[in-house]
Amino acid sequence: MLGLVLACSRQEEHALPYYNSPDFTPQFLSEQEAAKKITHHIGSFSLINQDNRKMTDKSVDHKIQVASFIFTSCGSICPVMIRNLKPVSKRYRNDPEIIMLFFSVTPWIDTPKKLKDFKKSHQIDNPNWYFLTGKKRAIYDLARRSYFAEEDLGFTKDSTEFLHTEHIVLTDKKQRIRGIYNGTLQTDMQQLVADIGILKNE
């Protein structure tokens, strides 16, 4: 399904779709139309970053977001996703409009110190790439019901069911979802870089 979504999202050159539901049906709209028809936005949150500082939805207001849901002890898809996200990070490292968010899906393990050590061990020096932890239920609800991180299959799940996804979600400055990508594929990350550029010019 993800490949179909991405293919659809490229139907119109220089335009990104809006996504209003967890089935990721793309809607190609003008900004004026989107203001009326797109009702879904990323919800409020309050979490702690790798520097033990609180971050809320207000911290990322009017920013383009790249959101991923990973955990530091993951030995499967997560290291690949981090590696593939590095070129995205490098491309927009000094751009204050772009913020990257790593939400830990094992927050009971990933303390701020552990996240900071993880960021350092992976040689990530982007000051706008934040690693976040907090209450499990808050993170899982945010991932599934705000970011649609597991598409419609995960929308009705609760925090008792483990969250593990290769999806990376792109939102615009108004916190509307504009793209979903497979973080294990370099080609998807190349498309993410290009799509961020489109959002910056909207």
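A simple count of charges around Phe102, restricted to other residues whose Cβ falls under 10 Å of its Cβ and scoring Lys, Arg +1 and Asp, Glu -1, yields 0. What separates the Cα centres of the range 64-101 and the range 24-52 is a distance of 19 Å. Highest-first packing order for the peptide set 22-33, 180-191 is 180-191, 22-33, based on the mean count of other beta carbon atoms within 10 Å. With a/c under 1.5 counting as rounded, go ahead and sort the range 41-200 into rounded, prolate or oblate using the C-alpha gyration tensor (a ≥ b ≥ c being the square roots of the eigenvalues; past the cut-off, prolate if a/b is larger than b/c, else oblate). Rounded is the answer for the range 41-200, as its axis ratio a/c remains below 1.5.
Sort Glu150, Glu166, Glu202 so that the residue with the fewest other Cβ atoms within 10 Å of its own Cβ comes first and the one with the most comes last.
On the way: Glu150 18, Glu166 21, Glu202 13.
Arranged by neighbour count, lowest to highest, Glu150, Glu166, Glu202 become Glu202, Glu150, Glu166.
Which FRET efficiency value, to the nearest 0.05, do you get for Lys136 and Ile77 by plugging their Cβ-Cβ distance into 1/(1 + (r/R0)^6) with R0 = 22 Å? Taking R0 as 22 Å, the efficiency between Lys136 and Ile77 is 0.65. Remark: the range 80-88, residue by residue, has Karplus-estimated 3J(HN,Hα) of 5, 5, 4, 4, 6, 7, 4, x, 5 Hz, where x stands for each Gly or Pro and the curve is 6.51 cos²θ - 1.76 cosθ + 1.60 at θ = phi - 60°.
Summing Lys and Arg as +1 and Asp and Glu as -1 over all other residues whose Cβ lies under 14 Å from the Cβ of Lys116 gives a net charge of +1.
With 28 Å as the limit, the listed pairs Lys90/Lys114; Lys37/Lys119; Lys114/Lys173; Lys58/Lys119; Lys113/Lys174 have Lys37/Lys119; Lys114/Lys173; Lys113/Lys174 beyond it between alpha carbons. Taking a ≥ b ≥ c as the square roots of the Cα gyration tensor eigenvalues, the range 75-147 comes out prolate, since a/c reaches at least 1.5 and a/b is larger than b/c.
Rule-based calculations on the coordinates, nothing more; no lab input. In this text the structure is predicted, and so the values were computed from the model without any measurement. As a convention, Cβ positions derive from the backbone with ideal geometry for all residues, glycine included, and neighbour counts pool all protein chains shown.
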